[in-house]
Amino acid sequence: MSRGRWLVLLLSFAATIGVTAYILSKGLSRPGPHPSLPWWAHLAALTLVCLEIATRSVKIHWSAAALRIPLRFGTSLRVCLAGDFAASITPARSGAEPARFFVLAKDGVAPAPSVLILFAELLLETWSLAALCIVFLFVFHDAGKVLELMTGMIGGYAVLVLSAGAVGYALARTHAKGPPPSWALAVGLHAGRWRAVQRALRSLRLNVLALRHAAIGPAVAAFIASLVHVGLRLAVLPVIALALDPNLSLASLVLWPLVLLYGGAVAPAPGGGGAIEFGFQFAYQGTMAPAVLGGALLWWRFYSFYLYILLGGLSVGGTVLKALRTQRHGRLHIRAAQHADHSTGPA
């Protein structure tokens, strides 16, 4: 990472911590007793985090098994932690996939199987989110606006990803070779850019064909693991908030984190830059007492964000930073080669 990106990272984390401190101070400034999180809630939240990471590692391990790609569980665990750490320190979680790819490469997994594993993991995540949205529509049918927001954001995301994949696969069957069609030229995809699109389309087609021949048993196990890991991540806030105030609505404690965690992933600043904290305040300021809101936000962000940074940094932090440096150097080499081609081309 360059110095500029480190500066952006520090400013974003400063904003995130500052917003949390501001919301927490508003609650503590109110008169009266301030609830504290009991030790058993800390233990339960920590257990949920460990189980979530382990379940996600199982999902990657079984995804590879479904594709008949040998992958050790220890590698799956490091892939998870590397993705968490890189996602936390890069804008819009953009460093997650390069870091995961780098860990797989370090373990000797070839590029094509690595891409296939990561593609399958992303597809399982999308399917599990869509399935949970359907379940929540029935379980929390009277949740009101948060249910509509959850359905529109998460369901729309799942539909968009699956639709984009279907369109890409259809294009791969008809336009994987040959010159760019007229519509591609109309949107600025000249021959060079179109070749890059065709490479991506061919890769997508190979991935989909490989998934069609996946082993059913491990694939089902990976999908179940995906459902469980999302459920475990969503269970953290209910454990924390209900320990502070048992009268809170379970529906809002489950649905809002789904919106904030997965909707906040598109925030351009690393860690959200305070957007998730403001969203949390917006979601719960009418239902949580100020002191409860500040404490719930503090500990929820610790167990859903900061602890993942700590665990990932301690285990694979050096590997992730090396992956991000490699990614940056690769882009610089590509730009240098393009500049050399232009400078040596015909006058």
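The values are calculated or read from the model by the stated rules, or taken from the named source; none is laboratory data. For clarity, every value in this text was computed on a predicted model and none was experimentally measured. Cβ atoms come from the backbone with ideal geometry, glycine included; neighbour counts cover every protein chain shown.
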- Query: Somewhere in the range 197-215, is a residue part of a loop (DSSP other than H, G, I, E, B), out of contact with any helix residue (DSSP H, G or I) (no Cβ under 8 Å at 6 or more places or on another chain), loosely packed, with under 13 Cβ neighbours inside 10 Å and at pLDDT 70 or above?
  - Reply: yes
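Do we have any residue at all in the range 37-47 that's surrounded by fewer than 22 Cβ atoms within 10 Å (Cβ to Cβ), assigned to a helix (DSSP H, G or I) and in contact with a Ser or Thr (Cβ under 7 Å, 6 or more places away or on another chain)? Lay out the reasoning, then the answer.
Quick first cut of the range 37-47, residues surrounded by fewer than 22 Cβ atoms within 10 Å (Cβ to Cβ) only: 37-44, 46-47.
Then keep just the ones that are assigned to a helix (DSSP H, G or I); that gives 39-44, 46-47.
Subsequent filtering for residues that are in contact with a Ser or Thr (Cβ under 7 Å, 6 or more places away or on another chain) retains none.
No, that holds for no residue.
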- Task: Look through the range 216-248, keep the residues that are outside any helix (DSSP H, G or I) and touching a residue at least 40 places away in the same chain (Cβ under 8 Å), and return whichever of them is surrounded by the fewest Cβ atoms within 10 Å (Cβ to Cβ).
- Result: Asp245
- If we keep only residues of the range 100-125 that are closer than 14 Å to Leu324 by Cα and in contact with a Leu (Cβ under 8 Å, 6 or more places away or on another chain), then the residue modelled with the highest pLDDT is Arg100
- Any hit, the range 48-70, residues being buried (at least 18 other Cβ atoms within 10 Å of the Cβ) and outside any helix (DSSP H, G or I): yes
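Condition check ((1) of a type in the set (Gly, Ala, Ser); (2) assigned to a loop (DSSP other than H, G, I, E, B); (3) buried (at least 17 other Cβ atoms within 10 Å of the Cβ)) across all residues:
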position	(1), (2), (3)
Pro98	no, no, yes
Phe101	no, no, yes
Gly108	yes, yes, no
Ile117	no, no, yes
Glu121	no, no, yes
Leu124	no, no, yes
Val135	no, no, no
